[in-house]
Amino acid sequence: MKRLLITALLLVTTTAPLAARPDTRSMSCQQAQRLLAREGAVVMSTGRHTYDRFVVSGDFCEVAEWAYTATAPTKDTRACPLGYTCSSTPPIWYDDDGPFGGMWGH
C-alpha cells in the first residue's frame with residue numbers, strides 16, 4: 001500500500017508541471033505572440049481563474065466556429081494582441097440563410 005501511494009505521488013509530481021498552462025501575465029506581449037506564432041494554437045491562462053484558446057488564424061477553429069480578434073493581459077500591457085479566439089457565436093452580419101442573408105435568392 002505504501003509503495004502504491006509513493007508511486008502515485010511521484011506520478012502526480014512529475015506530470016503536474018507538464019500540464020500547467022502558459023500564463024500570459026508572466027510573459028511580455030512579444031513572448032506571448034512568439035509562443036502563439038510558433039504553436040499555431042495555445043491555451044493560455046489570462047487571469048487567476050480564466051483562460052482562453054488563442055489561434056493564429058481562423059484555420060485553427062472548428063467547423064461552425066468563427067475567429068474573433070483577441071487580446072490578453074501580459075507583463076507589459078493590459079491588452080496584448082494575441083491573434084484570435086474561436087467562438088460558436090456567429091458574427092452579427094451572419095444569418096441562417098448564409099453569410100449574405102439570402103440576398104442571392106433561393
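All of the numbers you see were taken from the coordinates with simple rules; none came from a lab. Every value quoted in this text rests on a predicted model; they were computed, and no experiment measured them. Glycine gets a Cβ as well: all are built from the backbone with ideal geometry, and neighbour counts include every protein chain shown.
Figures for the structure shown
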quantity	calculated
The range 40-64, subset part of a helix (DSSP H, G or I) and more than 11 Å from the chain's Cα centre (by Cα), residue nearest to T77 (Cα to Cα)	G58
Close pairs from the range 55-71: first surrounded by 11 or more Cβ atoms within 10 Å (Cβ to Cβ), partner part of a helix (DSSP H, G or I) and among the small types (G, A, S), Cβ under 6 Å, at least 6 apart	A67/G58
Residue count, the range 49-80 (criterion: among the acidic types (D, E) and under 22 Å from A20 (Cα atoms))	2
Close pairs (6 angstrom Cβ cut-off, 6 or more residues apart or separate chains): within 14 Å of A70 (Cα to Cα) in the range 31-50, acidic (D, E) anywhere	S45/D23; T46/D52
